[in-house]
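Take a look at the structure below.
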Amino acid sequence: MARYHIETYGCTSNRGESRSIESALRDAGHYRVDGPKEADVSILNSCTVVEKTERNMLRRAEELDEQTADLIVTGCMALAQSEEFQQADIDAQVLHWDDVPEAVTNGECPTPGPGTEPVLDGVVGILPIARGCMSNCSYCITKQATGRIDSPSVEENVEKARALVHAGAKELRVTGQDTGVYGWDEGERKLPELLDRICDIDGEFRVRVGMANPGGVHGIREELADVFARNEKLYDFLHAPVQSGSDEVLAEMRRQHRVDKFLDIVETFDDTLDHWTLSTDFIVGFPTETEADHEQSMALFREVRPEKVNVTRFSKRPGTDAAEMKGLGGQTKKDRSKAMSELKHEVVAEAYEELIGTTREVLVVEEGTGDSVKCRDSAYRQIIVQNADEHGLEPGDFAEVEVTSHQTVYAFGTPV
Ligand code: SF4
């Protein structure tokens, strides 16, 4: 869990994006502090309305770069003029708003806070199913706060899910640090059973399964893929963070999987489901990562072609074993992160390009900027529909849309 500082500039819509970022960070267990010096990571949500604003954004980014361990720049200037930050030699990750929460997470799992209860946010119901994990990753500070997995019963979680659906949830987000090991403390991994039971609840809604580490998923991969195949309510989306394509680095990270186990999972899902989204994470620049290790990560990336990827530049968290390792130079981390981010854009853009001209059934999940709405298709791809009022669309509606264009990490569609 990270301490973050966020600054927002510009219009109401940009402030709305910051609110979404903050709510995702809260759900993942991160907490806000009062200034950049106290923070592990600062977020600058930028604006580029006039030239003077641009100069102010660059100056503020330089200050934050000096004052804080990690800097993320997002917002309109980041998206339209990312090169300006590079030219000013500001050491920041420049990201789309939607990618900020996972970058803050820094490769660790999301952490439901103490006493976390389900939350209904618009039509989205957040359902934390368990706290803790079965791992001890060398770079993770979260584990120190949450410990070993503690799983409430399936019945208890189903009742919470039912309450969220009755309260109006149309999208249930099943979360936990590692949903794949849910039930392990009770002697049996019970995620497939839980998902089946949640999908049996009456009502029209969708379910998104949150992060599940490959180590936990591997032993239940066939059962889990079958649960996805038989339940239309489940988004065909799996977030399994691999973190590296090198077994040596995975061992130093103390991850509980090796590359071949991750590949087994991808193969099983490919064999069982027609259309699904693989979401994964890579940490680049781990202290022991050699150039050859980095190349193995790039090769794995090209092989599995994930549609949603979080590329995180390694950064030290106090009190972790990885923080004691001799780190790589900042430039090396920057170069590797740039290379992987470019590959990510190529792979993700190709996937979205293939969607153009297809018709997708979507759920409208939330309002977007201006008069637009954000929707999700059956594989949890984001599709934006403009002029929502004219089309009579609002959060909670289901619709059919034709995909007309894309902007790398999301598509645009028109109702048909
Ligand atoms: S699985 Fe690893 S990264 Fe995730 S919470 Fe457990 S120790 Fe941390």
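The values are calculated or read from the model by the stated rules, or taken from the named source; none is laboratory data. All of these numbers come straight from a predicted model, not from anything done at the bench. Positions of Cβ are backbone-derived with ideal geometry, glycine not excepted, and every protein chain shown enters the neighbour counts. Note: accessible area is taken over every heavy atom of the protein model, side chains too, but ligands, DNA and RNA are not part of it. Shrake-Rupley method; radii C 1.70, N 1.55, O 1.52, S 1.80 Å.
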Considering the chain as a Gaussian network with a 10 Å cut-off on Cα pairs, which listed residue, D281, D270, D27, attains the greatest mean-square fluctuation?
D270
With all protein chains present and a 1.4 Å probe, the order of K233, K316 from largest accessible area down is K316, K233
For peptides 159-167, 188-196, sequence by mean Cβ density within 10 Å, most packed first
188-196, 159-167
Around H406, which amide H atoms from residues at least 5 apart in sequence, or from another chain, sit under 5 Å from its own amide H, with H modelled in the peptide plane?
F412
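Which FRET efficiency value, to the nearest 0.05, is calculated for T369 and R60 with the Förster distance at 30 angstrom and r the Cβ-Cβ distance? Working shown, then result.
Working: r = 22 Å, r/R0 = 0.74.
Between T369 and R60 the formula returns 0.85.
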Once the piece of chain linking E267 and Q407 is laid out straight, how much longer is it, given 0.36 nm per residue of separation minus the C-alpha distance between them?
47.6 nm
In the Gaussian network model of the chain, springs joining C-alpha atoms below 10 Å, which of P128, P214, P287 carries the largest mean-square fluctuation?
P287
Most fluctuating of N136, N56, N231 in the GNM of the chain (C-alpha, under 10 Å) is N56
So for the chain: antiparallel DSSP bridges make up what percent, rounded to the nearest 5?
35
Net charge near G16: determine it from the other residues with C-beta under 14 Å of the C-beta of G16, scoring Lys and Arg +1 and Asp and Glu -1.
-4
Restricting to bridges with both residues inside the range 252-375, how much of the DSSP beta-bridge set is antiparallel, in percent to the nearest 5?
35
At what distance in angstrom do the alpha carbon centres of the range 367-387 and the range 84-154 lie from each other?
23
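Suppose the chain between K338 and E204 were pulled fully straight at 0.36 nm per residue; how much longer would it get relative to their current alpha carbon spacing? Could you put the intermediate results ahead of the total?
Details: separation 134, 0.36 × 134 = 48.24 nm, distance 4.15 nm.
Working it through step by step, the gained length comes to 44.1 nm.
Using the Cβ atoms and a cut-off under 11 Å, what net charge is assigned to the surroundings of T179, where Lys and Arg are +1 and Asp and Glu are -1?
Details: positive: R173, R189, K190, R208; negative: D178.
Charge balance in the 11 Å sphere: +3.
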Compute the distance from the alpha-carbon center of the range 23-81 to that of the range 230-283, in whole Å.
31
Hey, rough spin-label estimate for A229 and E400, points 7 angstrom out along Cα→Cβ, what's it come to in nanometres?
2.6
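At a threshold of 8 angstrom on Cα-Cα distance, excluding pairs fewer than six apart, so keeping six or more, what relative contact order does the range 3-104 reach in percent? Don't skip to the end; give the middle numbers.
Values: 164 pairs, mean separation 29.8, N = 102.
Result for the range 3-104 is 29 percent.
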Measure off 7 Å from each Cα along the Cα-to-Cβ vector at A167 and D274, then give the distance between these two points in nanometres to one decimal.
3.6
Quick query: amide H of R305 versus all other amide H atoms, modeled in the peptide plane; which residues come in under 5 Å with a sequence gap of 5 or more or a different chain?
none
Total charge of the residues flanking E51 in space, meaning their Cβ is under 14 Å from its Cβ, with Lys and Arg +1 and Asp and Glu -1, is +1
In whole angstrom, note down how far apart the Cα centers of the range 389-416 and the range 307-345 are.
35
Sticking with the crude label model, points 7 Å out along Cα→Cβ, report the distance from R19 to E159 in nm, one decimal please.
3.3
